[in-house]
Every structure is written in C-alpha cells, then in structure tokens.
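Where a number appears in this text, it was derived from the coordinates with a stated rule and is not lab data. It should be emphasised that the depicted structure is a prediction, and the values quoted were computed from it without experimental measurement.
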Amino acid sequence: MTDTAHLTSPTVTNDADALVGIVVALPEELSTLTYHKLKLGECCRIGDTWVVYSGAGPANATKAAELLIDKGCRQLISWGCAAGLSPELKPGDLVLASQIVTEQQQFDTDSHWRSRILAFLPTGIPVHDGKLFSSAELVGSHQHKQRLHQTSLAIALDMESAAIAETAQRAGLPCLAVRAIADPAGMDLPQAVQRALDSDGQVVMAKLLRYLLTHPWEVVGLIRLGLHFHAAQTTLKLVARQFRIPGTYPPIAI
C-alpha cells in the first residue's frame, strides 16, 4: 500500500470535507488518474482521495469498495471504461449514470454530486446520464448488448458499478459511476481478447499471441478496439484533470 503526498488542489465532491474513494478495475483505467503504479488489490491516497486497483468483476469491486470504506472514505466512485448499449453512444463519450442496474437490482447515484460535475464539464465532451447496466460476466457480442439495451433500457455496460453501489448503499454513502465508452454497441469484442482474459480482466499476452497465430484476421478488430479504448482514456484523463479528481496530472485549460 502506498501513501502519496497531499495535493493542494481540491477534488470536486458532494462533500468537500469527506474522503473520496475511487475504484478502478484495470491498470489502463488507473493510468487516467495517476502515474502511481499499484499492484492488484493495492490502494494509494492522493490528497483527500483514495484510489484502489480492484481487478475486474463484482467480487473484486466489492472487496475494493469495502477497503475504501475501511480507509475512511465517505463517497465512492466507480471509474473507468464501459461498453455502449445504446447505438447513440460513441467511443470516448462520457456516461455519468443516473442509475446503476442489474437484472435484480437498481441503485440511484447521488443526483446532487452528479449535477455538480455536469455543471463544470467542458462542452467538448459528449455526456450521457442514463442507466448503466452491470453484468457479472463479460458481454462480448453486439447481439447480447442489443438484448440488454432492450430489456434494461440501459445505455452502457460495465462489470463493477453495481457492486460498488451496493456496498455504498449498505454503508449509507453516496456513489457515482464515471465511465467512458470504449467498445460501442455495434461492435463485437474480438475473440482474441475474450480468449486471453484472466479472472481479473487482464489480457494474458501469451494466450493472445497464441490465438492470433491461428486467427490472424483478428488483428484488425484489436486495432479498432485499441483506438476506441484510447478515445475512452483520453476522455477520462480530461475529466480527471479538469475537475482535479485526484492524480499527479496537472489541471489543463479547456
């Protein structure tokens, strides 16, 4: 566990005096907040905020959220990338979910906190505030995304936000989901990626390369996904810098 130096820049929060906890599932999402490198399950404090690298999926997200609460956090953010369910969402679009849903549950995010962030977002970022669906398993096909969109009316999809929201609700704490679209609704996640992921959502390079040796046409899809993921990362970095959601990046002018 790493403890970093206190930053003087304020974090945009619902309660300026409360510690904020941010859960990120992947190291690529962590890099949009800070230069600090964390191991899986580790967290670091930056100013008035704790950031934890959880790994993918609801079980990991629950453990991470509970860790943040143990550290004294009184506001939780689910931060990272998401898949589009609505065809209107493009790679790099930002989702500030008004609700987080699963097939059995529904959680409202903190409307006051969300409104404060919306009020300060630069006009160049397309922002959507509908439902975010959290799945316990990876959703790779565009047909599956379409079905989820039709049945849940959610506009985007991730695997962690509902677990974080449920943990926050049990503790009586406000929660937000800040997600940028990586793979749009009409895109199938390349089989090379699906075959190479481990249980924590990390791509095992040896598995990826072995699959590509026998399925070289998958390279095109990987390149496309990489470009979309870069667009999502760019949006998240812009939001983090603009609002000084913690990190070692300096704020930038818009």
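Pairs Lys90/Lys131; Lys90/Lys145; Lys37/Lys71; Lys37/Lys90: which are spaced more than 25 Å apart, C-alpha to C-alpha? Could the numbers behind the result be given before it?
On the way: Lys90/Lys131 16 Å; Lys90/Lys145 14 Å; Lys37/Lys71 19 Å; Lys37/Lys90 29 Å.
Over 25 Å Cα-Cα: Lys37/Lys90.
Quick check: residue separation of Ala206 and Arg147 times 0.36 nm, minus the Cα distance between them. What number comes out in nm? Write down the numbers at each step before the final one.
On the way: separation 59, 0.36 × 59 = 21.24 nm, distance 3.27 nm.
In short, 18.0 nm is gained.
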- Note on the structure: Once the in-chain neighbours fewer than 8 apart are removed, the aspartates and glutamates whose Cα is under 20 Å from Lys39 read Asp3, Glu28, Glu29, Glu66, Asp70, Glu160, Asp198, Asp200
